[in-house]
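Contents: one structure, followed by commentary.
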Amino acid sequence: MLSDIEPVNRESTASIIARQLRDAIMTGALQPGTQLGEAELAARFEVSRGPLREAMQRLVSEGLLRSERHRGLFVIDLEPGDVYDIYASRAAIERAAAIRIMRGDTDSAVAVLSEALDEMVSAADDPDPNALPESDLRFHEALVRASGSRRLVRMARTLLIETRMCLAALQRTDQHGDDRVAEHTEIIEAMKAGDEQRVLELLDAHMEDAITRLAPGSSLHSGPPPSVPADGVDIAG
């Protein structure tokens, strides 16, 4: 029955377009609130509208694009409530990943995370403003992957893209690169010491700090900020 199915060796056109649009949203090349025009994008990618529409619908399902009736597709805006939701969700996922790490192959995870930390140390001195946020993101990607849970990795994927959008705003705050490096160093040291509770506390503190900077008035402990109007201020704009 399956004899006619052949292996797919190449990434589909729609997948390639989706990946490039995803990267553009993540890095801020496509700013929050930007409307995506089919004709312009089809010409830029040099493709027909079919695979472009498929790619954009993938990003709608991932929550990175929103559809407005009779208007089209737009890059999502991130309001304070969204920032809280992203980091609170990440805290739950990364806590679960950390518990698996601490009760599994901790040494291998520490080795992987130490490499990611070395990247952060180098990025802290890089004049490129995107270097540190990107290395920060890779550290947390590595942490979730080190758990060995495919489901946690899958759940974290879109959250980490949205986090990158938040980090673009965070880099405009007062936190110095050395502070970020120190926070992640403490996480690794607690793992080396086998102190599961300390690892969880540090992860919570890391998420709490980001929420405080990006969504004042909210915290992991007190809950989300008061609701804002539909046309509320875009923190990443």
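The stretch 47-152 holds helices (runs of 4 or more DSSP H) entirely within its bounds, and those carrying 2 or more residues that are hydroxyl-bearing (Ser, Thr, Tyr) map to 80-102, 106-124. Of all residues in the stretch 103-118, none satisfies being on the phi > 0 side of the Ramachandran plot, surrounded by fewer than 18 Cβ atoms within 10 Å (Cβ to Cβ), assigned by TED's automatic domain parsing to the domain that holds Ala182 and not polar (S, T, N, Q). Looking across the stretch 50-70, the residues that are at pLDDT 90 or above and either farther than 30 Å from Ser218 by Cβ or touching an Asp or Glu at 6+ places or on another chain (Cβ under 6 Å) (or both) come down to Gly50, Pro51, Leu52, Arg53, Glu54, Ala55, Met56, Gln57, Arg58. Scanning the stretch 127-155 for residues that are among the polar types (S, T, N, Q) and surrounded by fewer than 20 Cβ atoms within 10 Å (Cβ to Cβ) yields Asn130, Ser149. Candidates Thr158, Thr212, Thr173, Thr163: the one that is loosely packed, with under 13 Cβ neighbours inside 10 Å and either at pLDDT below 90 or not in a loop (DSSP other than H, G, I, E, B) (or both) is Thr173.
Tell me whether the stretch 92-102 contains one or more residues that are at pLDDT 90 or above and either aromatic (Phe, Trp, Tyr) or touching a Pro at 6+ places or on another chain (Cβ under 9 Å) (or both). No - not one qualifying residue is present in the stretch 92-102. Among residues of the stretch 29-49 being over 15 Å from Ile17 (Cβ atoms) and modelled with pLDDT of 90 or more, the one that is surrounded by the most Cβ atoms within 10 Å (Cβ to Cβ) is Thr34.
The values are calculated or read from the model by the stated rules, or taken from the named source; none is laboratory data. Since this is a predicted model, take the numbers as computed values, not measurements. Backbone-built Cβ (ideal geometry, glycine too); neighbour counts: all protein chains shown.
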